[in-house]
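Chemist: Can you read through this structure? Questions will come right after.
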Amino acid sequence: MHSTLRMRKSPKQPTHSTRRAALTAAAAFLAGALALTGCGGGNDKSSDDKPSADGKESGSTVTLPELKGQSLEVAAVWTGGEQKNFKQVLAEFGKRTGAKVTFVPAQDPIINFLGSKIAGGQPPDVALLPQPGAIKQAVDKKWAKPLGPEAQAELSKNYSQGWQDLGKVGGKQYAAYYKAANKSLIWYNAKVFENAGAQEPKRWEELMTAAQAVYDSGVTPFSVGGADGWTLTDWFENVYLSQAGPDKYDQLAQHTIKWTDPSVKEALTTLAQIWGRKDFVAGGANGALQTEFPASVTQAFTGGDQPKAGMVFEGDFAQVNIAETKAKIGTDAKVFPFPAVGGQAPVVSGGDAAVVLKDSEAAQALVTFLASPDAATIQAKLGGYLSPNKSVALSAYPNDVQRKMAEALVSAGDNFRFDMSDQAPQAFGGTPGKGEWKDLQDFLKNPKDVAGTQAKLEKDAAAAYGSGS
Amino acid sequence: MSSAAAEDVAGTPATPSGPRRRKSVTGTRRTAAALFLLPALVLLGALVVYPIGYSLIRSFLSQSGDSFAGVDNYRALFTDDGIRTALKNNIIWVVFAPTVSTALGLIFAVLTERVRWGTAFKLVVFMPMAISMLAAGIIFRLVYDQDPDKGVANAVWVGVHDSFAESSAFPKAHPGRRSPLRSDQGGFVTAGTVHTGRTVALPLVGVAPDRMPKGAEPAARAQPQPGKVTGTAWQDFTRGKGVGKLGAVDPSEQGYAGMRIEAVKDGKVVASTKAAADGTFTLPAAADGARLRLPASNFREPYNGVDWLGPALVTPAVIGSYVWMWAGFAMVLIAAGLAGVPRELLEAARVDGANEWQVFRRVTVPLLAPVLAVVTVTLMINVLKIFDLVFIIPPGSSQDDANVLALELYRKGFSEDQPGIASAIAVFLLLLVIPVMLFNIRRLRREVRR
């Protein structure tokens, strides 16, 4: 009897305690959520009566229509933290207008996803497209609707001409860039640089000196994620943009000059100064070709004083991978802009643009909101986000690293360029094991063969541009 | 077996009542039959016949699908490099994957019959079948990882290799700026000759302090000794400061303990020694007028294992993972066939004096031949459409080298937006499968007749 009683009691105990734990967790979460929404709520009030406690964000800069009872769908490929943060921006829009906004998670490539939604007669109202090519496709297929005057006004107020033009197709504004990526950054392990006595370089020659110093100290200088071809195209784009200049860059992106051009040869030769030295790339070329991008980042920030590499090149999004290691961004993991190879340091960017698919007052209002500094400031504060909006105060970014990246992006003015491989037809610039990705992987394996690489690039480009357009 | 039985059941009443029924076929029975067949026909038509027909039509249309392209898509099939590689790999797959799986399955089946824990063993071998291709792909991606700390294949390989050839202590050491050393046959040699009574500096860089061999001490400047060549080999790099004083021993710089140093005259080694813990070394008078060489054995790189997923080995590696999954399937089918082999025949062979190998070779295998054929052919069909493993296991840089037709179909159709060529590949794959299917159907018919 006794034992059975106890037996019956004992299983109850844990459920009780777990329930209590769950309760406290929920309470803590609620408190956190309240704290997070606190600023949003204050902001909401500020729009109708008194200024909020939060000075920086007081007063909305954009007037939005009353949209009570209307509902909107927004599609984007974002997941995880990015999606969560974006939903807060949508919540703010809902608060200001009374509209109900739902986030629709989409798959890559988003243009195919939208195609099936449109074929099914249920397109989302607004979609965030990651490539200029996708915007053009959406316009060509008559999915995208032109932006209204309010959104255009917001764009011309807050965006440099370059970013506005990226959202235009045939001279008409179809898209507003909401999120930007800065792909001209080199992350480095601060401890390695300190041990080697190396300095943050401003020019390519200084980068080579720093790399040599790191190498002499006993650490391999660079980590290259060569298993993913796009990291290699980004390397090339940065060197090319800085060395050959923005005009040539545009011509090559349009394929009006050939890949056999001397400027391409020069850029590849410059790249070979790093790729061609077996000891400068972690694992050598063969090792790099088996390293995927996430591993290429983490291996530079694990292993204490002896990581597999001292530096890794890639965009601001690398911090997601750095966050998986024990390294702290800003102290252990630092960043410097890609050094100037030619006259000016390159700024290669990517970004997501909001496009209206179902023309309505609410959809237009949402894009207007996304183009305003109000929306960008909310997400900037949450971290992991850069805005191409020049009206967003740098103080909105949560830390120095973010600020540095945002500053480089905005101060480039109109001299930034959009990722070249994202502008190219997908068969050339976006398919694993094909086109530019594969050709540069072969180049990484055999960096002596500049002419052969150029010939292969030109052959693949000719085929892709010929059939794609 | 069961289909044969079913045919029998259906066939027996049909034969005697045949002529009588034909008379009564005035429409009612035919419509009833059609009615009963209709759902199956609609489903088959919609899900099998229509897609095949449409693929066939699509394969003759251009990329956008609104104009006739003739045989252009089929021509692309045999001129495109990617498709040619895929074709070649498909042939390798069809030849090796089913045969190796069947052979292993046969061995397992025959052996498990004889051990006490046979069933448990069978269970373990069969278990990979319960895993999805996707999961198996991810598992093998890890198994074949280049880093011996992650990939078990390389861990084993490197472990075996290193027990025969050890790596050296200074794999990345190299001369710094304005060094007196030149590279030579994988090692380094001094530019000038050395003389007794003088000291030699052998500065190198590239070894981190915590990678120094145990027992390395701060480097010391060597003292000149009459009749001897003395010197120091050390890491000429001060942590946090760069080289410090170039070519001179700084206080925190460490000696290359155990570095092998040879004195070479006219290509012959006249004397050799090893550096002490503080990097100093002493060579006898014989070294006078020689050049000092740090032989390549000092700088041997740690062995990094095999490039399992590199261009050369990627297809065999992926086939290996396929065999891991499907050998269990082959084993179970063959074991079932083995159970049906009459024991008396084996006994008789043994009584007649055949040894075990002869029994296996001359009795068991011939009796199992029909089962082996079924297993091989089933696996062949399975292998022709292999996709998942090849999609997941190879890294992007070698996916091209591991390409197979089904993967190329996917890439052409969905990431390169070439539905015409993709349809042509699909039709081509269908053509490849048809002979194998015909063979299977014929064999089944023969079985039924027997």
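Chemist: State whether one or more residues within segment B:404-418 are within 14 Å of chain A (Cβ to nearest Cβ) and among the small types (G, A, S).
Modeler: Among the residues of segment B:404-418, at least one is within 14 Å of chain A (Cβ to nearest Cβ) and among the small types (G, A, S), which makes the answer yes.
Chemist: Now, a different point. When both residues are 6+ apart or on different chains and their Cβ atoms are under 8 Å apart, which pairs have a first residue that lies in segment B:199-223 and is among the hydroxyl-bearing types (S, T, Y), and a second that is not in a loop (DSSP other than H, G, I, E, B)?
Modeler: B:T199/B:T230; B:T199/B:G231; B:T199/B:T232
Chemist: Can you pull out the residues in segment B:299-309 that are farther than 30 Å from B:M259 by Cα and buried (at least 20 other Cβ atoms within 10 Å of the Cβ)?
Modeler: Pass one, segment B:299-309, residues farther than 30 Å from B:M259 by Cα: B:307-309.
Residues satisfying the conditions are B:W308, B:L309.
Chemist: To continue, here is another question. If you take the residues of segment A:385-406 that are under 20 Å from A:A176 (Cα atoms) and of a type outside the set (S, T, N, Q), which of them is surrounded by the fewest Cβ atoms within 10 Å (Cβ to Cβ)? Walk me through how you get there before you give the answer.
Modeler: Applying the first criterion (under 20 Å from A:A176 (Cα atoms)) to segment A:385-406 yields A:385-393, A:406.
Those left that are additionally of a type outside the set (S, T, N, Q): A:385-386, A:388, A:390, A:392-393, A:406.
On the way: A:Y385: 25, A:L386: 26, A:P388: 28, A:K390: 16, A:V392: 22, A:A393: 13, A:A406: 25.
Step by step, filter segment A:385-406, then rank; the result is A:A393.
Chemist: Given the conditions (1) of a type in the set (A, V, I, L, M); (2) closer than 14 Å to B:A277 by Cα; (3) over 47 Å from the mean Cα position of the chain (by Cα), and given that B:A248 satisfies all but one, which numbered condition is not satisfied?
Modeler: Tallying (1) of a type in the set (A, V, I, L, M); (2) closer than 14 Å to B:A277 by Cα; (3) over 47 Å from the mean Cα position of the chain (by Cα), B:A248 fails exactly one: (2).
Chemist: When you go through (1) crowded, with 16+ Cβ neighbours inside 10 Å; (2) within 14 Å of chain B (Cβ to nearest Cβ); (3) more than 26 Å from A:Q70 (Cα to Cα) one by one for A:F113, which number turns out not to apply?
Modeler: It fails just one condition, (3).
Chemist: Would you check if there is a residue in segment B:279-290 being over 42 Å from the mean Cα position of the chain (by Cα), of a type outside the set (S, T, Y) and under 29 Å from A:V192 (Cα atoms)?
Modeler: Taking segment B:279-290 and keeping what is over 42 Å from the mean Cα position of the chain (by Cα), we get B:279-290.
Filter again for of a type outside the set (S, T, Y), leaving B:279, B:281, B:283-290.
Remaining after also requiring under 29 Å from A:V192 (Cα atoms): B:279.
Checked against the condition, which is being over 42 Å from the mean Cα position of the chain (by Cα), of a type outside the set (S, T, Y) and under 29 Å from A:V192 (Cα atoms), segment B:279-290 yields at least one hit.
Chemist: Confirm whether B:E356 is among the charged types (D, E, K, R), within 14 Å of another protein chain (Cβ to nearest Cβ) and either out of contact with any Leu (no Cβ under 7 Å at 6 or more places or on another chain) or surrounded by fewer than 18 Cβ atoms within 10 Å (Cβ to Cβ) (or both). Show your work before the answer.
Modeler: Values: among the charged types (D, E, K, R): yes; within 14 Å of another protein chain (Cβ to nearest Cβ): no; either out of contact with any Leu (no Cβ under 7 Å at 6 or more places or on another chain) or surrounded by fewer than 18 Cβ atoms within 10 Å (Cβ to Cβ) (or both): yes.
No; evaluated as a whole, the condition is false for this residue.
Chemist: If B:W117 passes every condition in (1) surrounded by fewer than 18 Cβ atoms within 10 Å (Cβ to Cβ); (2) of a type outside the set (S, T, Y); (3) within 22 Å of the chain's Cα centre (by Cα) but one, which one does it miss?
Modeler: Status for B:W117: all satisfied but (3).
Chemist: Scanning segment B:190-207 for residues that are in contact with a helix residue (DSSP H, G or I) (Cβ under 9 Å, 6 or more places away or on another chain) and buried (at least 19 other Cβ atoms within 10 Å of the Cβ), which turns out farthest from the other protein chains (Cβ to nearest Cβ)?
Modeler: The selected residue is B:V194.
Chemist: Now for a separate question. Read through the list (1) touching a helix residue (DSSP H, G or I) at 6+ places or on another chain (Cβ under 7 Å); (2) modelled with pLDDT under 85, then give the number of the only condition that B:G227 fails.
Modeler: With (1) touching a helix residue (DSSP H, G or I) at 6+ places or on another chain (Cβ under 7 Å); (2) modelled with pLDDT under 85 applied to B:G227, the lone miss is (2).
Chemist: Which of the residues that make up segment A:410-469 are assigned to a loop (DSSP other than H, G, I, E, B), facing chain B (nearest Cβ under 10 Å) and on the phi > 0 side of the Ramachandran plot?
Modeler: As a first pass, look at segment A:410-469 and keep what is assigned to a loop (DSSP other than H, G, I, E, B): A:412-416, A:419, A:424-425, A:430-434, A:446-449, A:469.
This time we only want the ones that are facing chain B (nearest Cβ under 10 Å), so: A:425, A:430-434.
If the condition is that a residue be assigned to a loop (DSSP other than H, G, I, E, B), facing chain B (nearest Cβ under 10 Å) and on the phi > 0 side of the Ramachandran plot, then A:G433 is the only one that fits.
Chemist: Checking A:S46 against (1) in contact with a Ser or Thr (Cβ under 8 Å, 6 or more places away or on another chain); (2) at pLDDT 80 or above; (3) in a helix (DSSP H, G or I), which test does it fail?
Modeler: (2)
Chemist: Which one of these does A:D352 not meet: (1) in contact (Cβ under 8 Å) with a residue 24 or more places away in the chain; (2) in a helix (DSSP H, G or I)?
Modeler: Only one criterion is unmet by A:D352, namely (2).
Chemist: Answer yes if at least one residue in segment A:369-384 is crowded, with 20+ Cβ neighbours inside 10 Å, within 14 Å of chain B (Cβ to nearest Cβ), among the small types (G, A, S) and not in a loop (DSSP other than H, G, I, E, B), and no otherwise.
Modeler: no
Chemist: Is it true that A:T291 is in the same structural domain as A:W230 (by TED's automatic domain parsing), of a type in the set (S, T, Y), under 21 Å from the mean Cα position of the chain (by Cα) and assigned to a loop (DSSP other than H, G, I, E, B)? Don't jump to the end; show me each part of the working.
Modeler: Working: in the same structural domain as A:W230 (by TED's automatic domain parsing): yes; of a type in the set (S, T, Y): yes; under 21 Å from the mean Cα position of the chain (by Cα): yes; assigned to a loop (DSSP other than H, G, I, E, B): yes.
For A:T291, the condition - in the same structural domain as A:W230 (by TED's automatic domain parsing), of a type in the set (S, T, Y), under 21 Å from the mean Cα position of the chain (by Cα) and assigned to a loop (DSSP other than H, G, I, E, B) - is met.
Chemist: Let me ask another. Considering (1) more than 30 Å from A:K95 (Cβ to Cβ); (2) at pLDDT 90 or above, say which one A:D422 fails and leave the rest.
Modeler: Result: A:D422 fails condition (2) only.
Chemist: Is at least one residue of segment A:272-284 part of a loop (DSSP other than H, G, I, E, B), within 12 Å of chain B (Cβ to nearest Cβ) and in contact (Cβ under 8 Å) with a residue 12 or more places away in the chain?
Modeler: Within segment A:272-284, one or more residues are part of a loop (DSSP other than H, G, I, E, B), within 12 Å of chain B (Cβ to nearest Cβ) and in contact (Cβ under 8 Å) with a residue 12 or more places away in the chain.
Chemist: Being part of a loop (DSSP other than H, G, I, E, B) and closer than 21 Å to B:G118 by Cβ: is that true of B:V341 here?
Modeler: Criteria met by B:V341.
Chemist: Let me ask something additional. Which one of the conditions (1) more than 14 Å from every other protein chain (Cβ to nearest Cβ); (2) without any contact (Cβ under 8 Å) to a residue 40 or more places away in the chain does A:A253 fail to meet, given that it meets all the rest?
Modeler: (2)
Chemist: Quick one: would you say A:G148 is assigned by TED's automatic domain parsing to the domain that holds A:V367, over 24 Å from A:E82 (Cβ atoms) and touching a Ser or Thr at 6+ places or on another chain (Cβ under 8 Å)? First the steps, then the outcome.
Modeler: On the way: assigned by TED's automatic domain parsing to the domain that holds A:V367: yes; over 24 Å from A:E82 (Cβ atoms): yes; touching a Ser or Thr at 6+ places or on another chain (Cβ under 8 Å): yes.
Yes.
Chemist: Next question, about the same structure. Is it the case that some residue within segment B:159-181 is among the hydrophobic types (A, V, I, L, M, F, W, C), assigned to a helix (DSSP H, G or I) and surrounded by fewer than 13 Cβ atoms within 10 Å (Cβ to Cβ)? Please lay out each step first, then the result.
Modeler: So the first thing to find is which residues in segment B:159-181 are among the hydrophobic types (A, V, I, L, M, F, W, C), and the list is B:160, B:164-165, B:169-170, B:173, B:181.
From what is left, the residues that are assigned to a helix (DSSP H, G or I) are B:160.
Those left that are additionally surrounded by fewer than 13 Cβ atoms within 10 Å (Cβ to Cβ): B:160.
Checking segment B:159-181: at least one residue is among the hydrophobic types (A, V, I, L, M, F, W, C), assigned to a helix (DSSP H, G or I) and surrounded by fewer than 13 Cβ atoms within 10 Å (Cβ to Cβ).
Chemist: Which condition breaks for B:K245 when tested against (1) of a type in the set (D, E, K, R); (2) surrounded by 13 or more Cβ atoms within 10 Å (Cβ to Cβ); (3) assigned to a loop (DSSP other than H, G, I, E, B)?
Modeler: (2)
Chemist: State all residues of segment B:231-286 that are within 14 Å of chain A (Cβ to nearest Cβ) and acidic (D, E); if no residue qualifies, say none.
Modeler: Residues of segment B:231-286 within 14 Å of chain A (Cβ to nearest Cβ): B:234-247, B:250, B:252-254, B:256.
If the condition is that a residue be within 14 Å of chain A (Cβ to nearest Cβ) and acidic (D, E), then B:D236, B:D250, B:E253 are the ones that fit.
Chemist: Against the condition among the aromatic types (F, W, Y) and either outside the structural domain of B:T99 (by TED's automatic domain parsing) or under 26 Å from the mean Cα position of the chain (by Cα) (or both), how does B:W308 come out, does it pass? Before the answer, list the steps.
Modeler: Working: among the aromatic types (F, W, Y): yes; either outside the structural domain of B:T99 (by TED's automatic domain parsing) or under 26 Å from the mean Cα position of the chain (by Cα) (or both): yes.
Answer is yes for this residue.
Chemist: Here is a follow-up. Just to verify a result, which residue in segment A:246-271, among those that are in a helix (DSSP H, G or I) and of a type in the set (S, T, Y), is surrounded by the fewest Cβ atoms within 10 Å (Cβ to Cβ)?
Modeler: Going through segment A:246-271, the residues in a helix (DSSP H, G or I) turn out to be A:246-254, A:262-271.
Now drop any that are not of a type in the set (S, T, Y), which leaves A:249, A:263, A:269-270.
On the way: A:Y249: 21, A:S263: 17, A:T269: 14, A:T270: 19.
So the residue we want is A:T269.
Chemist: If we only count helices (runs of 4 or more DSSP H) wholly inside segment A:155-245, which ones have 2 or more residues that are more than 14 Å from every other protein chain (Cβ to nearest Cβ)?
Modeler: Numbers: elements: A:161-166, A:190-196, A:204-216.
Those helices (runs of 4 or more DSSP H) span A:161-166, A:204-216.
The values are calculated or read from the model by the stated rules, or taken from the named source; none is laboratory data. For clarity, every value in this text was computed on a predicted model and none was experimentally measured. Ideal geometry is used to build each Cβ from the backbone, glycine not excepted, and the neighbour counts take in all protein chains shown.
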